[in-house]
Amino acid sequence: MPEFLLAAAGFVLAMVALGLVRILRGPEDGDRMMAAQLLGTGGIAALLLAAGGGLPAAADVALTLALLAAFASMAFAKSGVSPEAYDEPKPGEKE
Amino acid sequence: MRLALDIFTIVAVSSGAFFFLAGTVGLLRFPDTLTRLHALTKADNLGLGLIMLGLLPHVAWPFVALKLVAVWVLALVASASASQLIARKVRGRRGS
Amino acid sequence: MSSELVFCIGLALLILAVAGFTIGVKEDFAAVVGFVVYGLLLSLAWMSLSSPDVALTEAAVGGGVTGALLLGACARLRTREKPAEGHRPGWINRGAALVLCAGISAGLAGVVLLLPDPAPTLAPPAREHLLATGLGNAVTAVLMAYRALDTLLEKVVLLLALVAVWSLAPDRFWGGRPAFGYRPEPGGPLIFLTRVLVPVGVVAGIYLFWVGADAPGGAFAGGAILAAMAILGFISGLSVVPAVNGFRLRFVLVAGVTVFIVAGLAGFAWASGFLAYPVGFAKPIILLIELAMIFSIGATLALLVAGPPGRSLKP
């Protein structure tokens, strides 16, 4: 059973690697933004399989990875716009 | 009982890995950014869910198992919204 | 060859390939994506070395906060500077760089591979004294009890870095609000995702701090997650970056270091010296210091990403 889980982890990691080759090569920015999603799912799967239920902290690391992959996707999606595009003052505040 | 749980784990993890394979094949073969995004989001999340299901008999019950399920739900919600966001950004650039 | 070794070798090769891509690619956005991917993969590598604490911090800081920092830098560069027209360094420079880098890598590899077989380690004495501190996690004990002075100085350095970033503002904007934010799109997926993720993230960050006393976690990983959630609020437009001369903001920023120093000075009164803890009370004091630190670290990292003040704040 541990051997099987580790082999599955290696397989998922190989899938992530193949996906990364395609994504990082993609000529547009839109292709590369998917990298965070790919790692968010594939990375968590590889992590949990490699831990195989042995390391109890693996669930915490998986939670952190899920949160941060989502955060990275959002940061990527909003990255093309310059941060100073927000120029509307808050209600009540005079600029 | 042990044997039944082991068979369940093997079946679930194998089908999860199969969906990961399907998602990666989609990533490599689909012609367009948006279709690739679709393949990645749908297939990989389903694969993650099946793998999680397969690992449930091996972790401490109940807390760690519930935490794993919660992580999967979080990953689902986050992936669905993030893929919408990326798709809007991609289409916006081409003038939707 | 065991499957564990194959997995580790495969992961190492993947990390090296991603690192090579990050350095070699010509577009800045692609390089930042490569850097974030590299950080998340490194987190996997730390887990395969059975170091969950380092994996948590690497994912939160390397994958999250530093990635956002670099993206902000890219966006600012795109609008303000023309592409630099430099000349490529000559063959001599590049050859010297190659020789130096190869030499350092070979030296590091030699040091690691040529260690004596039971490698010298301080882990057993660190674990022996855990009982005296009342903690269950050796990493937290090292950070907050055995080497607490180092941790205190690191937090001071973080604050100094923030002050340095603020000092980049033009004079007329000093004390104002950092120009980091976007117009919120009502009903958009970003707003929905922020509303779902931020509560979960805040709970996860505080949970990681609390559990860090006995299991992998700790104040720095928790603080980095809180910073990522704050940055999410800024990006989605649901919250506005506070002005840097606000009293509450500055209070939160210095609270961590202040509590740390006060606890250290109190060590003269109730124990043997600076940052010494009284027997039996070590754990509550450590948890109190970490509680103040987690909010300070979160605020400091979030403001580091937000950047220098860019808008005047008229009274």
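The values are calculated or read from the model by the stated rules, or taken from the named source; none is laboratory data. The structure presented is a predicted model; accordingly, all values stated were derived computationally and were not measured. FYI the Cβ positions are ideal-geometry reconstructions off the backbone, even for glycines, and counts take in every protein chain you see.
Of all residues in the stretch C:20-52, exactly one satisfies the criterion of being at the interface with chain A (Cβ under 8 Å from one of its Cβ atoms), more than 22 Å from A:Ala17 (Cβ to Cβ) and in a helix (DSSP H, G or I), namely C:Pro52. Of the set (1) facing chain A (nearest Cβ under 7 Å); (2) in contact (Cβ under 8 Å) with a residue 12 or more places away in the chain; (3) under 15 Å from A:Leu18 (Cα atoms), all apply to B:Ala75 but (3).
Within the stretch C:245-266, can one find any residue that is within 14 Å of chain B (Cβ to nearest Cβ), buried (at least 24 other Cβ atoms within 10 Å of the Cβ) and under 20 Å from the mean Cα position of the chain (by Cα)? Break it down stepwise before answering.
Of all residues in the stretch C:245-266, those within 14 Å of chain B (Cβ to nearest Cβ) come to none.
No - not one qualifying residue is present in the stretch C:245-266.
Of all residues in the stretch C:127-141, those being assigned to a helix (DSSP H, G or I) and surrounded by 15 or more Cβ atoms within 10 Å (Cβ to Cβ) number 6.
For C:Pro178, are the conditions met, namely being without any contact (Cβ under 8 Å) to a residue 12 or more places away in the chain, within 22 Å of the chain's Cα centre (by Cα) and within 23 Å of C:Leu69 (Cα to Cα)? Here the answer is no, as C:Pro178 does not meet what is asked.
Mind checking whether some residue in the stretch C:192-201 is modelled with pLDDT of 90 or more, under 17 Å from C:Gly298 (Cβ atoms) and either surrounded by fewer than 17 Cβ atoms within 10 Å (Cβ to Cβ) or not assigned by TED's automatic domain parsing to the domain that holds C:Asn137 (or both)? Yes, there is a match, as at least one residue in the stretch C:192-201 is modelled with pLDDT of 90 or more, under 17 Å from C:Gly298 (Cβ atoms) and either surrounded by fewer than 17 Cβ atoms within 10 Å (Cβ to Cβ) or not assigned by TED's automatic domain parsing to the domain that holds C:Asn137 (or both). Scanning the stretch C:285-297 turns up no residue that is away from every other protein chain (no Cβ under 14 Å), touching a residue at least 40 places away in the same chain (Cβ under 8 Å), closer than 17 Å to C:Gly134 by Cβ and outside any helix (DSSP H, G or I). Here is a check on your reading of the model: is C:Pro118 outside any helix (DSSP H, G or I), farther than 30 Å from C:Thr140 by Cα and of a type outside the set (Ser, Thr, Tyr)? No, not satisfied.
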